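Participant: Sharing a structure, written as structure tokens. Questions coming.
Bear in mind that the values in this text are calculations on the coordinates, not laboratory data. What you are looking at is a predicted structure, and each value in this text was computed from that prediction instead of being measured. Here the Cβ is made from the backbone with ideal geometry for all residues, glycine too, and neighbour counts use every protein chain on show.
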Amino acid sequence: MPTSTPPAPVKRGRRRDNRHQAIPLIYKHRNLLERCIGKLKQWRAIATRLDILASSYLAGVTIASLMLWLRQAELSDTL
């Protein structure tokens, strides 16, 4: 029966990995941006990039963003 080696002991004084504890504001804005992109992708024309010209695609993204913003503003007024 083969024996397994025990795990290496943790050294005292070793610093913990602080990559995930960086600036919380950056993660807050990143989360907000990812949620916005997810909501924009619910629009079929934006998710599939049906527009041929970049200007018409940008116009579609702008209109969708405005509609999301107005919907959010309407919901915040009713609360």
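Participant: Could you check the spin-label model distance between L32 and L58? Points 7 Å from the Cα along Cα→Cβ, value in nm.
Facilitator: Reported label-point gap for L32 and L58 is 2.3 nm.
Participant: Right, another one. Taking 7 Å along the Cα-to-C-beta vector as the label spot, tell me the E74-I23 distance in nanometres, rounded to one decimal.
Facilitator: Each label point lies 7 Å from its Cα, and together they span 3.6 nm.
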